1. On full extension of the chain, what length is gained from LYS297 through ALA248, given 0.36 nm per residue of separation minus the C-alpha to C-alpha distance?
2. Output needed: percent of Cα pairs per 10 Å distance bin for the stretch 202-258, bins running from 0 to the one holding the longest distance.
3. So what does ARG213 come to for accessible area, using a 1.4 Å probe and Å² rounded to 10?
4. Positive end of the dipole of the stretch 214-309, charges at C-beta (+1 Lys, Arg; -1 Asp, Glu), about the Cα centre: which of GLY302, CYS272, PHE227 has its Cα farthest in that direction?
5. From largest accessible area down, sort VAL264, VAL40, VAL114, VAL121; use a 1.4 Å probe on the protein chains.
6. List the residues, sorted by chain then number, that are 5 or more residues from TYR253 or on another chain and whose placed amide H is less than 5 Å from its amide H.
7. Go through LYS230/LYS304; LYS82/LYS207; LYS230/LYS296 and tell me which ones have a Cα-Cα distance over 28 Å in this structure.
8. Note down the nm distance, to one decimal, between modelled labels 7 Å out along Cα→Cβ at ARG89 and at THR115.
Amino acid sequence: ATGAGAQVYTERMQKLEERHKEGMGVLLSDLSGYLASVAVPPTLLPTTAGVIMRRGPGVGSNGGSGSCGGGGCGGRDGPTKKETRFQMRVLGVTTAADVAEVAAKQFSLIGDEVTDMNDVVLVLRPRSNSAAAEAETEADGRVAGGVSDADAAVMRLMAVGGEASSGAPPTYGAATDSGDGKGSGKGAAGGTPTITVALDCPTPLFKLVPDGRLDGGAWELALEGNFAVKSDAQMCFSLEFVKGAEPAQQCDYYQCKTCAIKWVCSRCASTCHAGHEVVPFQMDHTPTWACCYCAKKKAKTGCKLCQRS
């Protein structure tokens, strides 16, 4: 009797376990269905994308290849172009104008101010298409690979190489935006096309890319074109020198081997001597007079910054 009772107990336990598994299966199936019905669509999930805002050569109020703010150049090796890189949160409603607004705030973090972006467009470039540019940047010994985690930490003025345009990528603007983002033509490697977006285009970026969602790991956002910043409107250090100023004024001085002169202030080095062989001469110098030999020898150098505007 005892053996028969144990067998019955075992059979009942097996049936209970089977019913338990069956019930859990139904419950999990119903839960999966419910979660699928209430889950946020992928097109609404935000992403973090790397953004670069760059200005090409020969841009600025004085026609130089960039400018230096404050008492020294952004790059101690000589004239630089203007560029900033940062990361930003891209939502399903983010537009090109939103990206431009964040970029302008990044410039303000380094004490500059964007005054004109009328000729700037936003380029959505697949990472595979920008690999060549990244490799070129890395070969030059500069920061490569995109961005860092902190917005303020990556703000900098740095020298960068230009980038050739490939093909005729689709362009979206206030009047020509098709809204589907598919466009025509292929990228450099025959894959996803590069997309150019006017800053006044009202269509969210998510709707301009394939699949309806911009993946920050697959796309680079680049604000490119002729933009102006407050530091463009600058003058030679010799015009700003104030004897006995507190605190004492400092200036980075360069030597222009092309013009065979030393004691060239950083601003003249980046503007008047753009394209010349310029090397650091005296960094963080505290002059006792309005010193800049570019202005002093204007007849030879053709100084562009030694007249007050």
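The values are calculated or read from the model by the stated rules, or taken from the named source; none is laboratory data. Model, not experiment: these values are computed from the prediction. Counting neighbours? That spans all protein chains shown, and the Cβs are built from the backbone with ideal geometry, glycine included. Side chains included, ligands, DNA and RNA excluded: accessible areas come from the protein's heavy atoms. Shrake-Rupley method; radii C 1.70, N 1.55, O 1.52, S 1.80 Å.
1. Result for the pair: 15.1 nm of gain on full extension.
2. Bins of 10 Å from zero give 14, 24, 18, 14, 19, 10, 0 percent of pairs.
3. 70 Å²
4. Ranked along the dipole, the leading option is GLY302.
5. Numbers: VAL264 0, VAL40 85, VAL114 30, VAL121 50 Å².
So, going from the largest accessible area down, we get VAL40, VAL121, VAL114, VAL264.
6. Amide H neighbours of TYR253, under 5 Å, 5+ apart: PHE281, GLN282, MET283, ASP284, HIS285.
7. Working: LYS230/LYS304 17 Å; LYS82/LYS207 30 Å; LYS230/LYS296 25 Å.
Violating the 28 Å limit, Cα to Cα: LYS82/LYS207.
8. 3.3 nm
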